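Below you'll find the structure, written out as structure tokens, and then a few comments.
The values are calculated or read from the model by the stated rules, or taken from the named source; none is laboratory data. Everything quoted here is computed from the prediction, not taken from an experiment. Note that each Cβ is placed from the backbone with ideal geometry, even for glycine, and that neighbours are counted across all protein chains shown.
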Amino acid sequence: MKIKVIQNNTVFFSIIVIYWIFLGIMLFIYGYKDSFLIINGLNLPALDYPMFLLTHLGDALILTSVLALFLSQKNPALVLYIIIIALITGLTGQLLKNFVFEDCHRPLKVFEGMNVVHTVAGYKMYHNSFPSGHSIVAAVAITAAVSVLKLNSFQKVIAALSLIVISYTRTYIGVHFPGDVLAGTIIGVAGALLFLNLLYIPLQNWTIGLNVAKRKKLFYFLISLAIVSIITGIYLIFDFVN
């Protein structure tokens, strides 16, 4: 059995593709640097801290754990799948950042001394910009969830907008160029779809075959892992900012 993703989620993918087209047009017309200045320049003081909080939903420890809290009992296979592909695509992103595009610096480094980058809450980064890791995690986790769960059209719209907002915050808070975000979301969506039938279905068959006791142990393990990960993620965020 194969999961038919695109056919069942036209609304979700249509919104994501429109977002990609928008970023592509911005890059084509204004270039890599100026497109950042335009988008990053559209900021309001009232939005700064909400954007700061939302951006951390793209943190692997936070987003995968939040999804685990809601899905571990209903669909532990999906939780395991999200964890695995978040690790795979996240590692891919880190390899690209540190070895292939290690000379691609973040906006604060590129525009150093010009005082044109809007940042939030002392959250400042300078190196390893391409691609956006948070955008990868947000895209891979949300796409995987949408691909498997039975959602109505409104829920799919909310999921698509959540992916867009989380990735957009990376430019808003001044740590990524739109091109970094575009690449990150493409990698995340592609990763979620590429491994869906290869990994999720075997995981689903395995969890369905577990007896009640083993299924309960798996549930408690995933919940415990999620709680520890959330606490660790929050600690690392505040430690980084401070």
Original post:
Is there any pair linking a residue in segment 183-199 that is more than 17 Å from residue 58 (Cβ to Cβ) to one that is of a type in the set (D, E, K, R), with Cβ under 7 Å and at least six apart or on different chains, and which?
Top reply: 197/2
**OP:** Give, as residue ranges, the helices (runs of 4 or more DSSP H) completely inside segment 135-242 that count at least 3 residues that are over 16 Å from the mean Cα position of the chain (by Cα) and either farther than 19 Å from residue 14 by Cα or of a type in the set (Asp, Glu) (or both).
**Re:** 201-208, 212-241
**OP:** Consider residue 113 carefully, then state whether it is within 18 Å of residue 50 (Cβ to Cβ), more than 12 Å from the chain's Cα centre (by Cα) and modelled with pLDDT under 95.
**Re:** no
**OP:** For segment 208-242, name all the residues that are at pLDDT below 90 and of a type in the set (Gly, Ala, Ser).
**Re:** 233
**OP:** Output the residues belonging to segment 42-78 that are free of Cβ contacts under 8 Å to residues at least 60 places away in the same chain and under 19 Å from residue 233 (Cα atoms).
**Re:** 50, 53, 70
**OP:** For residues that are in a helix (DSSP H, G or I), of a type in the set (A, V, I, L, M, F, W, C) and closer than 14 Å to residue 37 by Cα, tally how many sit in segment 85-119.
**Re:** 2
